[in-house]
Amino acid sequence: MKSRLTTLIVMTLLLGSCSTIRIKATGEASSGKEKLGKFVYRKSIKVGAGNIVFCAITGIFYGGWCWTYLGMPNSGHRSKLRKALIEDLKAKTGLSSIDLDKISMRRLSWSNEASSLELDSAVSSPAPKSPKRKKKKSSSSDSEEFLR
C-alpha cells in the first residue's frame, strides 16, 4: 500500500511538472522601417497531453519519451511563442504590423507563470500622466504634531 501511494505521488509530480514549458525570447522588433527596440519575452506554453502520456508509459525504460523534454522548445513551441509575442507587442505598442529580428528562444523551466514582456523603446503606449500636486506649505503646528 505504501509503495503504491509513493508511486502515485511521484507520477503526479512528474506529470504535473511536464505539462508546460516556460520559454524566454529575446530579439529586436520593428514596424516597417521604424525600429521599436529590443525585447525580452517570457511565456509558459502547454506541452500537450500526448507527450505526458508517452512519458508516463515509456518512463520505466530509462526515461523513454521523457528525454524529448530536454529538446524543447521544439518548432511548434517556437511558432506558438512567436505568434503570442507579436500579439502582445501589437497590444503594447498599438501598431498593426510587427516584424521580429535577431530572435532567440531558450527553455527557462517547466513552470506555469504569467507572461511578461519588456520592451526597450521610444515607441510604446503612453503612460498615464499623474496630475501635478501643489506643494503643501508646512506650518509649525504640523511639526509639533509630528514630534509628539
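Can you name every residue in region 50-77 that is among the aliphatic types (A, V, I, L, M), surrounded by 11 or more Cβ atoms within 10 Å (Cβ to Cβ) and part of a helix (DSSP H, G or I)? Spell out how you get there, then give the answer.
Step one: filter region 50-77 for residues among the aliphatic types (A, V, I, L, M), giving 52-53, 56-57, 60, 70, 72.
With the extra rule that they be surrounded by 11 or more Cβ atoms within 10 Å (Cβ to Cβ), the set shrinks to 52-53, 56-57, 72.
Answer for region 50-77, where residues must be among the aliphatic types (A, V, I, L, M), surrounded by 11 or more Cβ atoms within 10 Å (Cβ to Cβ) and part of a helix (DSSP H, G or I): Ile52, Val53, Ala56, Ile57.
Please find, within region 32-49, the residue that is nearest to the chain's Cα centre (by Cα) out of those that are open to solvent by 40 Å² or more (accessible area, probe 1.4 Å) and among the small types (Gly, Ala, Ser).
Top of the filtered list is Ala49.
Filter region 22-77 down to the residues that are farther than 20 Å from Thr93 by Cα, of a type in the set (Val, Ile, Thr) and modelled with pLDDT of 90 or more and list them by number.
Selection gives Ile23, Ile45.
Exactly one condition in (1) small (Gly, Ala, Ser); (2) open to solvent by less than 80 Å² (accessible area, probe 1.4 Å); (3) at pLDDT below 85; (4) in a loop (DSSP other than H, G, I, E, B) is not met by Ser138; state its number.
(2)
What number goes with the only condition from (1) assigned to a helix (DSSP H, G or I); (2) open to solvent by less than 70 Å² (accessible area, probe 1.4 Å); (3) closer than 24 Å to Leu119 by Cα that Lys80 does not pass?
(2)
For the subset of region 83-115 comprising residues that are open to solvent by 70 Å² or more (accessible area, probe 1.4 Å) and assigned to a loop (DSSP other than H, G, I, E, B), which member is farthest from Lys24 (Cα to Cα)?
Ser96
The values are calculated or read from the model by the stated rules, or taken from the named source; none is laboratory data. Just so it is clear, the structure is predicted and the values come from calculations on it, not from any experiment. All Cβ positions, even for glycine, are placed from backbone atoms using ideal geometry, and neighbour counts span all protein chains on display. The accessibility values were calculated without ligands, DNA or RNA, using every heavy atom of the protein model including side chains. Shrake-Rupley method; radii C 1.70, N 1.55, O 1.52, S 1.80 Å.
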